[in-house]
Amino acid sequence: MSTGSGAPSAPAPNSHHDTVSDDATATASARGTTPGIAAGPAAPPRKGTFSSLRIRNYRLFATGQMVSNTGTWMQRIAQDWLVLSLTGSSAAVGITTALQFLPMLLFGLYGGVIADRFPKRKLLLLTQSAMGLTGLTLAGLTLSGQVEVWHVYLVALLLGLATVVDNPARQAFVSEMVGQDDLRNAVSLNSANFQSARLIGPAVAGVLITAFGSGWAFLFNGLSFIAPLTGLLMMRTAELHKVDRVPRSKGQLREGLRYVSQRPDLIWPIVLVGFIGTFGFNFPIWLTAFVYHVFHQGAGTYALFNGLMAAGSLIGALLAARRAGSRLRLLVGAAMLFGALEITAALAPSFWLFAALLAPIGMVGLTINVTANSSVQMATDPLMRGRVMSLFMMVFMGGTPLGAPVVGWVTDAFGARIGFLAGGVISLTAAGLIGLVLARVGGLRLKIDLRRGHQHLTFVPRAPGAAAPSGEKALAPAA
């Protein structure tokens, strides 16, 4: 989900600020700034943290998602712990995660085409119903004592197939509920909603698993989808913001890919979240391994670790909801800090130091997600948004089938600390390299100033009065 509070309207397809008018250049020169780099549009005024909730349709959506997300987090905890209990293998947890996200890698772009072509509210009624059925199916198998690990694998795969359409449709539907002006705020609140559920779900799941077993967590998740379905049915369709649907035609996948490839302000954030999502967000593997093999604890400790990460993520989401803009330099800086924190946690010598680092890791990880998501959504034409967001989610989540089995094998072969350390090193390296690329295409260089009272590290134009390279000026205001 992404963001929206007083954000500039999205540019039309292929109009990615290739030129700057003479008037804009003259104005920038009069201010002593470089056109397209230091000036940029004035920052939009800040709105309240919860401003999007004044919209009835969005309130219904957010309420339903809060209940459903709580169930989803309960199922995630129960699923990971069930697989680990059945197999004793971190690699098996990685395989489960990979199967859940494999459909996004294979069919994610087709999901975006479907989301652009059909009414998103009707699509969500179908996908949310299907996702609820997967939870009920797994509950029946577990409570009856018939569950085997291949059942969990199959249900994870089916859930992933529903997600292929659900994710881009849900992402793009936010703008139909709140409009462009509140999009950034709504996306941040969606993240806060998800992370709030992440605080509640693991705690409840830990109690249920310890007292009664995993089946009851799966049952709650299946029933929780009644809430979003009710919210969708109660919406006033006349109050939705009209978005033209894309008619069926050939080449729509290629059109979406070509659109992104011509926009550096889209492609590089997507590449960065691809690295982070593939190698840096494998927390089910690492946390189960740390709980089970390093600290020799049970499901309650696993729920505690997830709750600590959720608390940090919730703080990050609320801070993002108050933020007026989504700047690419914030994205790169957060990604570098994220990698450094993972490295530190991997080397933490004690239980409580490791636990204490999970909250800031959650906060910075959420900042990466919201900033990248909102940057991409706000820069995308509404007619292309479903396809672009499906590419975003395909890269962010679809990389998991590639990374999770590898990370699981490394964790099994070399230990939880080495597995976590490898994820942090890759995330930090990717952020540093992509930051240098963004600076270069934006016509910027890193300036180091160690004087007291001055900003020590900042990006400045390469040469006084020199504009960014042709075709790349779109990066400058957000870089």
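Bear in mind that the values in this text are calculations on the coordinates, not laboratory data. This one's a predicted model, so the numbers in the text were calculated from it and none came from an experiment. A quick note on method: Cβ atoms are made from the backbone with ideal geometry, for glycine too, and the neighbour counts reach across all protein chains shown.
Numbers for the structure displayed
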{"read-out": "With 10 Å bins from 0: P(r) over segment 142-195, alpha-carbon pairs, percent", "value": "20, 32, 23, 17, 7, 0"}
{"read-out": "Karplus-derived HN-Hα couplings along segment 171-183 (A = 6.51, B = -1.76, C = 1.60, θ = phi - 60°), whole Hz, x at Gly and Pro", "value": "4, 6, 5, 4, 5, 6, 7, 10, x, 5, 5, 9, 5"}
{"read-out": "Förster radius 30 Å - calculated FRET efficiency between HIS241 and VAL437 (Cβ-Cβ, nearest 0.05)", "value": "0.30"}
{"read-out": "Extreme residue, positive dipole direction of segment 150-293, given options GLY215, TYR292, ILE276 (C-beta unit charges)", "value": "ILE276"}
{"read-out": "Full-extension gain in nm, THR230 to LEU347, via 0.36 nm per residue minus C-alpha separation", "value": "37.5 nm"}
{"read-out": "Packing-based exposure ordering (other Cβ within 10 Å, fewest first) of ASP381, ASP182, ASP166", "value": "ASP381, ASP166, ASP182"}
{"read-out": "Positive minus negative residues near ALA303 (Lys, Arg vs Asp, Glu; Cβ under 11 Å)", "value": "+1"}
{"read-out": "Under Karplus coefficients 6.51, -1.76 and 1.60, residue-wise ³J(HN,Hα) of segment 347-354 in Hz, glycine/proline x", "value": "9, 4, x, 10, 4, 6, 5, 4"}
{"read-out": "For MET235, net neighbour charge (Lys/Arg +1, Asp/Glu -1) across residues whose Cβ lies under 12 Å away", "value": "+4"}
{"read-out": "Segment ARG117-ARG56, extension gain: residue separation times 0.36 nm, minus the distance between their alpha carbons", "value": "19.4 nm"}
{"read-out": "Label-point separation, LEU402 to ARG254 (7 Å along Cα→Cβ), nm", "value": "2.3 nm"}
{"read-out": "Local electrostatic count at PHE61 - Lys and Arg +1, Asp and Glu -1, tallied over other residues with Cβ under 15 Å", "value": "+4"}
{"read-out": "Extended-chain gain in nm, criterion 0.36 nm per residue less alpha-carbon gap, TRP150 and VAL207", "value": "18.0 nm"}
